[in-house]
Amino acid sequence: MSRLHIVITAIGAIFFLWFALPSFAIFSIGSVTGMALSALVVFYGIFYQRVHIFLNFLWRNFAGKTVLICMSLFLLVVALVALWETVKIVGAAMHHPPENTTAVVLGCSVKGERPSTVLNERLKAAYKYLSENEKAHCVLSGGQGPGEDISEAECMYRYLTEKGIGPERLLKEDKSTNTNENLKFSLDILKEQGLEGPITIITSEFHEYRANAAAEKLGIKSYSTPSHTFFLYLPTFYVRELYGILYYMF
């Protein structure tokens with residue numbers, strides 16, 4: 001095995017572990033896709049000679065050549081779509097709000113009565129934003145799902161009030177079960193409170209594009225205040241979000 005293929009195998013193995021380790025806590029289509037692609041890289045690094053022989057064999061006949069060309073075009077389209085989505089994700093996360101813009105924090109899973117790792121990261125971002133923008137109000141959005149002893153909104157409320165954020169600045173929306181409902185129900189609460197106007201969405205950086213797109217569909221002008229995902233979880237959530245954007249579009 002050449003040095004190049006040792007490096008390729010090592011890179012594939014590292015990424016396989018990067019996707020596999022979080023799957024014990026968070027198993028999703030992002031985990032499966034990441035592990036499958038990483039396993040293919042490892043397979044190629046180890047068996048590259050046999051792979052090349054097989055590809056050359058296919059290329060020598062019309063049917064095989066057609067299959068290879070179609071596969072290559074498909075992979076090119078997938079790569080271009082992923083690149084486009086990545087540009088959108090990064091761009092949305094950098095669309096920062098004016099001072100004291102009303103905030104909406106999107107919920108994530110609660111473990112009993114405690115925030116999950118991802119929700120904890122969003123709450124850190126919310127606390128920082130509300131501390132720096134002392135006139136801003138905030139909607140805490142998230143219902144109660146399986147395995148949650150309290151609603152996500154209540155969990156966020158407890159966290160922020162314990163950190164010293166005034167309860168009069170916080171509004172709880174505890175009925176939603178997905179991003180669209182988060183924003184729709186939060187908008188209803190803001191209208192009731194006379195807080196109509198632009199909002200900043202506090203959520204994970206990988207989720208900002210889809211959240212802002214959902215806000216736009218509801219006629220809400222929105223900005224982004226992203227949280228920073230724990231590096232071990234980021235690849236899994238990023239790949240899952242690529243699927244999520246496509247699902248949302250179609």
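Annotations for the structure displayed:
- Relative exposure of Cys138, Cys155, judged by other C-beta atoms within 10 Å (fewest first): Cys138, Cys155
- Translational diffusion coefficient (Stokes-Einstein; Kirkwood radius from C-alpha pairs) of the chain at 25 °C, 0.890 mPa s, in µm²/s: 122
- Square roots of five times the Cα gyration tensor eigenvalues for segment 106-152, Å: 22, 11, 7
- Pair-distance distribution P(r) for segment 3-93, from all Cα-Cα distances in 10 Å bins starting at 0: 15, 29, 39, 15, 2 percent.
- Choice from Leu232, Leu187, Leu75 showing the highest fluctuation, given a GNM over the chain with Cα pairs closer than 10 Å: Leu75
- Between Arg240, Arg122, Arg169, the residue with the greatest mean-square fluctuation in the GNM of the chain (Cα pairs under 10 Å linked by springs) is Arg169.
- Across Ile189, Ile199, Ile69, mean-square fluctuation computed from a Gaussian network of the chain (C-alpha pairs under 10 Å connected) peaks at Ile69.
- Computed from phi, the 3J(HN,Hα) profile of segment 143-157 under the Karplus parametrisation 6.51, -1.76, 1.60 (θ = phi - 60°) reads x, 10, x, x, x, 9, 7, 9, 5, 4, 4, 5, 4, 5, 4 Hz, with x in place of Gly and Pro.
- Charge dipole (debye, nearest 20) of the chain; +1 at Cβ of Lys and Arg, -1 at Cβ of Asp and Glu: 1100
- Helix 29-59 and the long axis of the chain differ in direction by around 20°, with both axes built from C-alpha atoms.
- Of the cross-linked pairs Lys88/Lys217; Lys172/Lys221; Lys135/Lys184; Lys163/Lys221, those separated by over 27 Å at the C-alpha level are Lys163/Lys221.
- Set the Cα radius of gyration of segment 102-249 against 2.2 N^0.38 Å, with N its number of residues, and you get 0.96.
- Average Cα contact separation per residue, segment 3-93, under 8 Å, 6 or more apart, as relative contact order %: 26
- Per-residue Cβ neighbour counts within 10 Å put Leu17, Leu106 in the sequence Leu17, Leu106, beginning with the fewest.
- Least to most buried among Thr229, Thr33 (fewest other Cβ within 10 Å first): Thr33, Thr229
- Dividing the summed helix terms, -39500 (n - 2.57) for each DSSP H run of n ≥ 4, by the number of residues in the chain produces a 222 nm estimate of -20000 deg cm²/dmol to the nearest 500.
- Each of His228, Leu170, Ile150 was scored by the projection of its Cα onto the charge dipole of the chain, and the greatest displacement toward the positive side belongs to His228; charges sit on the C-beta of Lys, Arg, Asp and Glu.
- Three-way shape call for segment 27-176 based on the alpha-carbon gyration tensor, with the a/c threshold at 1.5: prolate
- Spacing of the two label points (7 Å from each Cα toward its C-beta) at Tyr243 and Arg50, in nm: 2.9
- Quotient of Cα Rg and 2.2 N^0.38 Å for segment 50-96, N being how many residues it contains: 1.82
A short reminder: the numbers here are calculations on the coordinates, not readings from a lab. Everything numeric here is computed off the predicted structure, so don't read it as measured data. So basically every Cβ, Gly included, is an ideal-geometry build from the backbone, and we count neighbours across all protein chains shown.
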